[in-house]
Amino acid sequence: MELTINVLCEELPDSPPDPKHTLYLGIQRGEEVIEAVAVAQAQIVFAPSFRVAPLPGDATNFLGPFAKGTPTQRFFYLSWAIGDPAGNLNKIGRTKIHLSQLRWADVERAIEAGRAPGVRLALRDRTGRPTFGSITGSRVAWQI
């Protein structure tokens, strides 16, 4: 079975202090960052698709090129980059989004209903910069 997740990126960071550079956000597929978008709007949306399978204890195993980690601790990455005046993107860090909140029963219901679960992410830290590392707590809101 396959499941697409709507990833809504909000509360985006401020632009880099140097006006010659642009901040970008993309999603990591395998080792490649794709769909990099300049952080110049209020929201950025990604829609990665995963193959899914049940695990014991109502857990879900996420598979495919976006999935990282062990079967019981899957996640995906959003990657931050700075664009220079020549158009080159230089990766500066990643944000890890854990998938363990999506239980198998919820995944099955979503697939049967033909709807994609969503996750809303607040990606600006308290200093106005990109959030790096695992994102948790009130900064992540799943809609199943």
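Derivation of every value follows stated rules applied to the coordinates shown; laboratory data play no part. Keep in mind that this is a model prediction, so the values were computed, not measured. Every residue, glycine among them, receives a Cβ derived from its backbone with ideal geometry; neighbour counts consider all protein chains shown.
Remark: the stretch 46-55, residue by residue, has Karplus-estimated 3J(HN,Hα) of 10, 9, x, 10, 10, 7, 10, 8, x, 10 Hz, where x stands for each Gly or Pro and the curve is 6.51 cos²θ - 1.76 cosθ + 1.60 at θ = phi - 60°. Straight-line reach from Lys96: taking Cα to Cα under 18 Å and skipping same-chain neighbours fewer than 8 places apart, the aspartates and glutamates in range are Glu10, Glu11, Glu31, Glu32, Glu35, Asp125. Local charge for Arg115 was computed over the other residues whose Cβ lies under 15 Å away, with Lys and Arg +1 and Asp and Glu -1, and equals -3.
Just need log10 I(q)/I(0) for the chain at q = 0.10, 0.20, 0.21, 0.22 Å⁻¹, Debye formula, equal scatterers on the alpha-carbon atoms, no solvent, rounded to two decimals. Cα-only, vacuum Debye calculation for the chain: -0.35, -1.20, -1.29, -1.39. Seen against the Cα atoms of the chain and their longest principal axis, helix 104-113 is set at about 90 degrees. For the stretch 1-103, GluC sites (Glu not before Pro) are listed when DSSP marks them as loop and at most 10 other Cβ atoms sit within 10 Å of their Cβ; the list is Glu31.
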